[in-house]
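Mind looking over this structure? Questions follow.
The values are calculated or read from the model by the stated rules, or taken from the named source; none is laboratory data. On a predicted model such as this, the values are computed, not experimentally measured, just so you know. As a convention, Cβ positions derive from the backbone with ideal geometry for all residues, glycine included, and neighbour counts pool all protein chains shown. Accessible surface is based on the protein model in full, side chains and every heavy atom, while ligands, DNA and RNA are left aside. Shrake-Rupley method; radii C 1.70, N 1.55, O 1.52, S 1.80 Å.
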There are 6 protein chains.
Amino acid sequence: MADLPISRFPIPDLDELPEDIRQRILAVQEKAGFIPNVFLALAWRPDEFRAFFTYHDALMEKETPGLSQAEREMIVVATSARNQCQYCVIAHGAILRIRAKSPTIADQLATNYRKADISERQKIMLDYALKVSRQAEEIGDADHQRLRDSGFDEGDIWDIGAISAFFGLSNRLVNMSSMRTNEEFYLMGRVPR
Amino acid sequence: MADLPISRFPIPDLDELPEDIRQRILAVQEKAGFIPNVFLALAWRPDEFRAFFTYHDALMEKETPGLSQAEREMIVVATSARNQCQYCVIAHGAILRIRAKSPTIADQLATNYRKADISERQKIMLDYALKVSRQAEEIGDADHQRLRDSGFDEGDIWDIGAISAFFGLSNRLVNMSSMRTNEEFYLMGRVPR
Amino acid sequence: MADLPISRFPIPDLDELPEDIRQRILAVQEKAGFIPNVFLALAWRPDEFRAFFTYHDALMEKETPGLSQAEREMIVVATSARNQCQYCVIAHGAILRIRAKSPTIADQLATNYRKADISERQKIMLDYALKVSRQAEEIGDADHQRLRDSGFDEGDIWDIGAISAFFGLSNRLVNMSSMRTNEEFYLMGRVPR
Amino acid sequence: MADLPISRFPIPDLDELPEDIRQRILAVQEKAGFIPNVFLALAWRPDEFRAFFTYHDALMEKETPGLSQAEREMIVVATSARNQCQYCVIAHGAILRIRAKSPTIADQLATNYRKADISERQKIMLDYALKVSRQAEEIGDADHQRLRDSGFDEGDIWDIGAISAFFGLSNRLVNMSSMRTNEEFYLMGRVPR
Amino acid sequence: MADLPISRFPIPDLDELPEDIRQRILAVQEKAGFIPNVFLALAWRPDEFRAFFTYHDALMEKETPGLSQAEREMIVVATSARNQCQYCVIAHGAILRIRAKSPTIADQLATNYRKADISERQKIMLDYALKVSRQAEEIGDADHQRLRDSGFDEGDIWDIGAISAFFGLSNRLVNMSSMRTNEEFYLMGRVPR
Amino acid sequence: MADLPISRFPIPDLDELPEDIRQRILAVQEKAGFIPNVFLALAWRPDEFRAFFTYHDALMEKETPGLSQAEREMIVVATSARNQCQYCVIAHGAILRIRAKSPTIADQLATNYRKADISERQKIMLDYALKVSRQAEEIGDADHQRLRDSGFDEGDIWDIGAISAFFGLSNRLVNMSSMRTNEEFYLMGRVPR
């Protein structure tokens, strides 16, 4: 399937990219062994590319006592599934499997997070993330109180909501561009090493 | 996770089951190497069990020139994902991967069938299946004409709709009972042999 | 209106049917005085026909201390109305009027069960049935606890949900086939004898 | 059931009502043989009562070459069913049966107007009525053109939309007050004389 | 933009109108300095015109201890915004700004009443108004109790619901006729005198 | 109302902010005459702040032959209204009035863009923006073809969708933080100078 398009929009040659973007992509390729398509699909818009990944890393490359990296990925998978975003569910499902050291969690969250093997606290986290994603206009004091009662602090609550909101942006870019998912992600984290 | 419950409802011992049901379950175990939980979760209601699997096999253990077994599984995965049915998506995703000989198709269909690597004809098939699943009350002549224009005959159209309707029943039983998915299904059909 | 089609799909001649199906239909005709169209509309698919009616009878031809036959029909009418299924609302509305010995209950349930002349316990039963029918993915512990608090036992809860799920299948078959309702049902149970 | 409340709100004594309202109610009682509850439920608000019935009669007690009285009642029944208004569906279902001289049409329209024994032109009329009722914000030129192509003139189109809009008001008053339906309506027009 | 149509439907000349309607319109013009388009757009249907404005005035030209005129306008703005009714939001937004003596309240209510600078009691009032507007079929005892607990009496509750229901009618007439908003309303009440 | 909180989350002192962020805020204040609250509400997260405004400017501080700055603001207002985002509708409504040199356009777009005084081409632009905002999963070839047929090129289409997606993120941050709108925005662009 090497010849299937990655996006409805233009994919520039690596050589034509601004040097910082080219270097960033090569670094990812070095680490992952392949270039995730989202880097190629956003590259034709350098300023948006830079903003997108800066935003992404500020929220995701972070670990707080109240919100682990695996939990951050749970938010991505559960909200992206509800938004029917193929790339985000499959790519971040892979990352979640690795970070949570669980081959089953991503598929569970992608179908129905209420039935997943996660803690009650994590379900409360996902209830909020989904409400931000789908009915943010109805969020009120009671939603925030429920998170605080579960031990999430101010910074965690912001992160949960902001990750949901940021991937809402990502989900829409993927669906409008028909961004293709790399085949490498499907199996990642499924087979014990 | 061996001790997590399979269902909110009772799970009978194999020894206490009516002989035909016990034999059927043992035959499945023989073939699959494990007992898919749906057999255990429905067994406490023998008459419903018999009806359910008779219905299932009449629709799924069948292959017509217009509707392959893989295509039947596509219908199950796409409609069950929309109904947020964990067991059906994961278990039938496994069967679909095997029948379609594709490690990626199930995850694609489970997130957004419109973006999956399937034919235009298969997308039309799934448009109808999803409409039966979610807005059956609006089905009209134009929907049927569109299927006939794509080469589906009367029997195929019935099968597409009936599979969608039958798994709508199944999806609801799974969600109301919190039926647990066997871990064996997650990896099945993903690794080339 | 004798010449209006019963279904978009083929209606076989009684003489061509497998003997068990022909006998079943004749028995119904003997008892009811006419053949309900659902028997004719499903007959072209003998295995599905058998499974459908076995399933139906297992759930509906039953009476438990916690769930009367009239209450089972209430579930059918209220959920089928929400799914806009003409055949199920009108035919089972007739059966409900007879079983509940009430000429008004079916029309009340078909428009808005929350305003019907039924007990609080029956409204709780229908809240659950409707949730299974329309948002099964959201069912959780609290829904089951509420039923138990109203005196429904495990078997009753299963029955309520399974009847809702089974008629969800039936509703979809009716709408996809444009199954016609027999005129006999409209008046049945309305006039005191 | 004589002692069940007609409304959550006060029901004045006939004797205490303004004379014009009392006379109007008595005239209806004279003609129908009973007092439809909507007259009693609105009477505590004389000005609103007068406006409501003036509006009602301007739209419903009228017959144009393009829109018969039976068709006006079809609009009421189909839209009120979608709004789950028990009183309107049952009371106007009775009037529709009488005006259309059909014992079956009201129950068909109340469950799924797309499957009712009505003309294609009448289905187009109801498509518009339902769109006004449920998604009026999306109405555009194409909707009006479709009606004109079916022979509805400017006045008919206004009437279809206005009847839908007026009964949307009525449906909401009924549901907020839990207005009770008179038992007389259930059987009316069902038995051939 | 003087030549943009006021409505899809006919606008009669003032001189051709029944005298009572002509006088009413002239009185409004005298007071407001212009003729609000709703008077012109409804005038071609004199009986409906009379009923509409009688109804309107009975609900809106009234002030009770429990429900001020400004609060009545809040209900109009919040529900009409949800129904995407341009005329009602902009025209009644103007009236609300004047009655509430606030240049900001209308824009707040029109986007998200939950975030507006209003009292908790007023939010409860609007929760009910919105429920009548969008899910009246689900209204039950708890909704009414919540209003009573906030100090609304029987008459206030009726008014809140009836205003919501009446403007639901108005919103639909506006959207079906593409009724145009007078430019005078946009700025009214925004600039302190 | 000076003492009403700007956000549920912390608002840092200007003096404590990283210098680049402090300078950026002062520059905005210099130009606008006040500090729009969004700058203060995001400042406690410096990296997200930088990414957010870089992204914003890349999409909004740009003018192409196919998409003017006023049209970009139209997209913001129409989609933010649908997402019930008070800050975005009111603040960008002000910017839109100025850029489009129209005191009425923002209020029209905020209630129902289908009825606004904009061109047919702009309605097609907003249809796509709204679909990205609310049903991105259903976007297909036909949506893109319709834009191309209206003269939008590849870059314009990306911008329309990306603006809608980016403000979807912004709308969610506003609603989760209850971000308050500055009073200065309400009147801006309404009064001819």
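In chain F, which whole DSSP H runs stretch at least 24 Å along their own axis (Cα) and average -1.0 or higher on the Kyte-Doolittle scale?
For chain F, where a helix must reach 24 Å along its axis and average at least -1.0, the hits are F:154-177.
To continue, here is another question. Just checking the output field for A:90-102: average partner chain Cβ neighbours within 10 Å of each residue's Cβ?
That average works out to 1.
Still on this model: Ignoring ligands, DNA and RNA, what accessible area per residue does chain A give at 1.4 Å, in Å²? Show your work: numbers first, answer last.
Values: 7310 Å² over 193 residues.
For chain A, the per-residue accessible area is 38 Å².
One decimal, nm, shortest first: give the distances between the label point of B:G33 and those of the same position in the other copies, each label point 7 Å from Cα along Cα→Cβ.
Ordered by increasing distance: 2.3, 6.1, 7.5, 7.5, 8.3 nm.
So which residue of F has the beta-carbon closest to the axis that swings F onto B, and how many whole Å away?
F:Q135, 8
For F:Q135, place a label point 7 Å from Cα along the Cα-to-Cβ direction in every copy; what are the distances to the other copies, in nm, shortest first?
Label point to label point, same position, other copies: 0.6, 0.6, 2.0, 2.1, 2.1 nm.
As a test of reading the structure, rank B:E16, F:E30 by solvent-accessible area (1.4 Å probe, protein chains only), most first.
F:E30, B:E16
Choose one of E:P103, E:L126, E:A116: the residue whose Cα lies farthest towards the positive end of the charge dipole of region E:97-141 (beta-carbon charges +1 Lys, Arg; -1 Asp, Glu; about the Cα centre).
E:P103
Along the charge dipole of chain C, pointing to its positive end and built from +1/-1 on Cβ of Lys, Arg, Asp and Glu, which listed residue (C:S170, C:Q23, C:N182) has its Cα farthest out?
C:N182
Based on the Cβ-Cβ distance of B:L26 and B:D149, what FRET efficiency does E = 1/(1 + (r/R0)^6) give at R0 = 45 Å, to the nearest 0.05?
0.45
Full extension from F:A142 to F:S68: what is 0.36 nm times the residue separation minus their Cα-Cα distance, to one decimal in nm?
Full-extension gain reported as 24.3 nm.
Using a 1.4 Å probe, how large is the accessible area of D:H144, given in Å² and rounded to the nearest 10?
Its accessible surface works out to 10 Å², give or take rounding.
Kindly provide the helix-only [θ] at 222 nm of the protein assembly as shown, computed as the sum of -39,500 (n - 2.57) over DSSP H runs of four or more divided by all residues, to the nearest 500 deg cm²/dmol?
Numbers: 60 runs with 745 residues, N = 1158.
Only helices count here, giving -20000 deg cm²/dmol.
Return the value, in Å² to the nearest 100, of accessible area buried between chains D and E (probe 1.4 Å, both sides summed).
Details: alone 10510 and 10540 Å², together 17170 Å².
Approximately 3900 Å² gets buried when D meets E.
Out of B:E19, B:E73, B:E183, any idea which swings most in a Gaussian network model of chain B, alpha carbons joined below 10 Å?
Largest GNM mean-square fluctuation: B:E19.
Something else about it: How far is C:D149 from itself in the other copies, in nm, if each label sits 7 Å out from Cα along the Cα-Cβ line, shortest first?
Its label point is 1.5, 1.5, 5.3, 5.4, 5.6 nm from the equivalent points in the other copies.
Note the count of lysine pairs whose C-alpha atoms are less than 26 angstrom apart in chain A, limited to pairs 8 or more residues apart or on different chains.
Lysine pair count for chain A: 10.
Also, quick follow-up: For the charge dipole of region C:50-193, defined by +1 on Lys and Arg C-beta atoms and -1 on Asp and Glu C-beta atoms about the Cα centroid, which residue among C:A81, C:S150, C:G140 has the Cα displaced farthest towards the positive pole?
C:A81
Among A:R121, F:R180, B:R190, what's the order by accessible area (1.4 angstrom probe), most exposed first?
A:R121, F:R180, B:R190
Please work out the ratio of the alpha-carbon Rg of region A:95-193 to 2.2 N^0.38 Å and round it to two decimals.
With N residues counted in region A:95-193, Rg over 2.2 N^0.38 Å equals 1.21.
Sort the following peptides by mean Cβ neighbour count (other Cβ atoms within 10 Å, averaged over residues), highest first: F:166-175, C:63-72.
F:166-175, C:63-72
Shifting gears a bit: Just counting partner chain Cβ atoms within 10 Å, what average do the residues of peptide C:164-174 show around their Cβ?
Taking the mean over all residues of the peptide, I get 6.
If you don't mind, another one. Of the heavy-atom accessible surface of the protein assembly as shown (probe 1.4 angstrom), what whole percent is carbon and sulfur?
Solvent-exposed carbon and sulfur of the protein assembly as shown make up 50 percent of the total.
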